[in-house]
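Engineer: Could you have a look at this structure, given as structure tokens, before my questions?
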Amino acid sequence: MTLLQIIVLAVVQGITEFLPISSSGHLILVPALTDWPDQGIMMDVGVHVGTLMAVILYFRKDVGRMFHAFGQMLLLREDYNHSERHLMLAVVLSTIPIIIIGGLASKFGIPDTMRTLEIIGWASIIFGILLYWYDKKSPVKIKMADIRYGHALIIGLAQVLSLIPGTSRSGITMTAARGLGFSRTCAARFSMLMSIPTILAAATLQVINIATSETELQISIVQLLWGAGLSLISALIAISVLMKWLERSSMTPFVIYRVLLGIGLLYLVYQ
């Protein structure tokens, strides 16, 4: 794998993981639209670890509070902070559906059957339009402090749809959150906090699959570190830009990009 390919993959992953435009779809498109060979599962894991570190760094205060609440629960302390524990449990609850269903889907090889330009194109358009609708029509009535476990479960169930390439994990969770009445910034914030256990679980599953297989890895530790480091930097920039953008504007630019991308891919498929 060349340094240029690593840079492109890492930057693409870093930028698209938290923007509502589908990182998995874009990672599939890189080898599909170039002469490069598929980067392989291990590089996918590496760049995802980079984005995981980025979201932990950006939301380090929230993450710290959730870990503190978890520690207090383990110690059976009664003087725990209720808001910290509530957020931590909401994030955990929202992750359960994707861990269960995603694990079963991976076991039966279902995600591999959907890695096509046609599916990515249609998913990009359909779920982009849904994002536009709920972003424009839903009133703002829920703040982070008002999140209920029912909200978390609904958003978590919506996240399962991100198993379809082109859907976008961040996009579908933000769509569900906006539909429930979350503000744009709260929808993005909760979506990104959800990504921490989700990415961690997915990366762990892939590493287990690699460790139990007899496939020889075609990538070095240095290449993995380059991929993880570059995706971390680009993801930090993308998160910062997105959060500032949503404070004053809508999801419409991302929807336009998704629809144009989907149309372009379907043109390539059906021409």
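Engineer: Considering only residues that are over 9 Å from GLY128 (Cβ atoms), in a helix (DSSP H, G or I) and basic (Lys, Arg), which ones fall in region 243-268?
Structural biologist: LYS244
Engineer: Another question, if that's okay. Looking at ALA152, ALA123, ALA158, can you tell me which residue is without any contact (Cβ under 8 Å) to a residue 24 or more places away in the chain, under 19 Å from the mean Cα position of the chain (by Cα) and either buried (at least 24 other Cβ atoms within 10 Å of the Cβ) or within 22 Å of THR95 (Cβ to Cβ) (or both)? Quick ask: steps written out before the conclusion?
Structural biologist: On the way: ALA152 fails: without any contact (Cβ under 8 Å) to a residue 24 or more places away in the chain; ALA123 fails: without any contact (Cβ under 8 Å) to a residue 24 or more places away in the chain.
Checking each option against the conditions leaves just ALA158.
Engineer: Also, I was wondering about something else. Suppose the filter is closer than 21 Å to GLY156 by Cβ, among the hydrophobic types (A, V, I, L, M, F, W, C) and surrounded by fewer than 17 Cβ atoms within 10 Å (Cβ to Cβ); does LEU104 pass it?
Structural biologist: Here the answer is yes, as LEU104 does meet what is asked.
Engineer: Could you list all residues from region 2-18 that are surrounded by fewer than 23 Cβ atoms within 10 Å (Cβ to Cβ) and either outside any helix (DSSP H, G or I) or of a type in the set (Phe, Trp, Tyr) (or both)?
Structural biologist: Scanning region 2-18 gives a single hit, THR2.
Engineer: Scan region 81-95 for residues that are buried (at least 17 other Cβ atoms within 10 Å of the Cβ), of a type outside the set (Lys, Arg) and without any contact (Cβ under 8 Å) to a residue 60 or more places away in the chain and jot them down.
Structural biologist: GLU84, MET88
Engineer: Exactly one condition in (1) at pLDDT 90 or above; (2) among the charged types (D, E, K, R); (3) surrounded by 16 or more Cβ atoms within 10 Å (Cβ to Cβ); (4) over 28 Å from ILE210 (Cα atoms) is false for ARG60; which is it?
Structural biologist: Just one mismatch for ARG60, condition (3).
Engineer: Being more than 28 Å from GLU118 (Cα to Cα), surrounded by fewer than 19 Cβ atoms within 10 Å (Cβ to Cβ), touching a residue at least 12 places away in the same chain (Cβ under 8 Å) and not hydrophobic (A, V, I, L, M, F, W, C) is the filter here; which residues of region 223-261 pass it?
Structural biologist: Hits for region 223-261 are GLY229, SER240, GLU247.
Engineer: Something else about it: Does region 57-71 contain at least one residue that is part of a helix (DSSP H, G or I), under 19 Å from the mean Cα position of the chain (by Cα) and farther than 22 Å from ALA145 by Cβ?
Structural biologist: Yes, the conditions are met somewhere in region 57-71.
Engineer: Can you find even one residue in region 96-114 that is in contact (Cβ under 8 Å) with a residue 40 or more places away in the chain, part of a helix (DSSP H, G or I) and among the acidic types (Asp, Glu)?
Structural biologist: Checked region 96-114: no residue is in contact (Cβ under 8 Å) with a residue 40 or more places away in the chain, part of a helix (DSSP H, G or I) and among the acidic types (Asp, Glu).
The values are calculated or read from the model by the stated rules, or taken from the named source; none is laboratory data. The shown structure was predicted, so the numbers you read here are calculated from the model rather than taken from an experiment. As a convention, Cβ positions derive from the backbone with ideal geometry for all residues, glycine included, and neighbour counts pool all protein chains shown.
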